[in-house]
Amino acid sequence: MLPSQKRLSRPAFSVFLASKELKTVFNAIGTLKYQKNVIDKASIVISSKNEKRAVYRNRLRRRIYSLFGNVFKETDNKNLYVLYVSKQATSFTYEDLRRLFYELFKKTTE
């Protein structure tokens with residue numbers, strides 16, 4: 001799980017969405033919006049329309065936050081990230097999630 005200092009707060013989330021400097025990439029896991037910043041922070045949005053059961057939404061959120069933590073340790077790019085998870089991502093295994101997440105993140109560095 002990502003520490004709370006590395007997660008985007010609610011007020012910062014609304015400021016982030018109002019920004020005009022957002023860039024967007026997407027694949028099967030979902031849509032990733034990001035912008036340059038001085039520190040790494042991330043947020044994950046999983047709609048209850050994608051998965052009705054909170055237990056499964058929270059498990060998916062924890063898995064993706066752990067992937068963000070690994071990426072933050074490996075790279076020195078400083079960005080704010082918001083990942084909107086797609087409906088089909090709820091059925092992926094952890095290995096599929098990991099592979100797709102790294103593909104998605106690789107698009108942000110290009």
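Roughly what percent of Cα-Cα pairs across the chain reach past 25 Å? Spell out each step's value before the answer.
On the way: 826 of 5995 pairs.
Counting every Cα pair in the chain, those more than 25 Å apart make up 14 percent.
Counting heavy atoms of the protein chains alone, THR24 has an accessible area of about 80 Å² for a 1.4 Å probe. The mean sequence separation of alpha-carbon pairs under 8 Å and at least six residues apart, normalised by the residue count of the range 4-49, gives a relative contact order of 44 percent. Of the GluC sites (Glu not before Pro) found in the range 1-85, those in coil by DSSP whose Cβ has at most 11 other Cβ atoms within 10 Å are GLU21. Of LYS52, LYS78, LYS23, the residue with the greatest mean-square motion in the GNM of the chain, using alpha carbon springs below 10 Å, is LYS52.
Considering the range 12-65, its Cα convex hull presents a mean projected area of 4.5 nm².
Using per-residue counts of other Cβ atoms within 10 Å, averaged over each peptide, order 81-92, 54-65 from highest down.
Working: 81-92: 17.9, 54-65: 15.4.
Descending packing order for the listed peptides: 81-92, 54-65.
Taking a point 7 Å from the Cα of LYS78 along the Cα-to-Cβ direction, the residues of the range 41-58 with backbone N closer than 16 Å to it are 41-42. Out of PHE26, PHE13, PHE68, any idea which swings most in a Gaussian network model of the chain, alpha carbons joined below 10 Å? Comparing PHE26, PHE13, PHE68 in a Gaussian network model of the chain, the most mobile one is PHE13. Centroid-to-centroid, using Cα positions, the range 18-68 and the range 79-110 are 8 Å apart. For the range 35-40, 3J(HN,Hα) computed residue by residue from phi via the Karplus equation (6.51, -1.76, 1.60; θ = phi - 60°) reads 8, 5, 7, 8, 9, 7 Hz, glycine and proline entered as x.
The values are calculated or read from the model by the stated rules, or taken from the named source; none is laboratory data. These numbers come from a predicted model, not from an experiment. With ideal geometry, Cβ positions are generated from the backbone for all residues, glycine too; neighbour counts draw on all protein chains shown. Note: areas computed on protein heavy atoms with side chains; ligands, DNA, RNA excluded. Shrake-Rupley method; radii C 1.70, N 1.55, O 1.52, S 1.80 Å.
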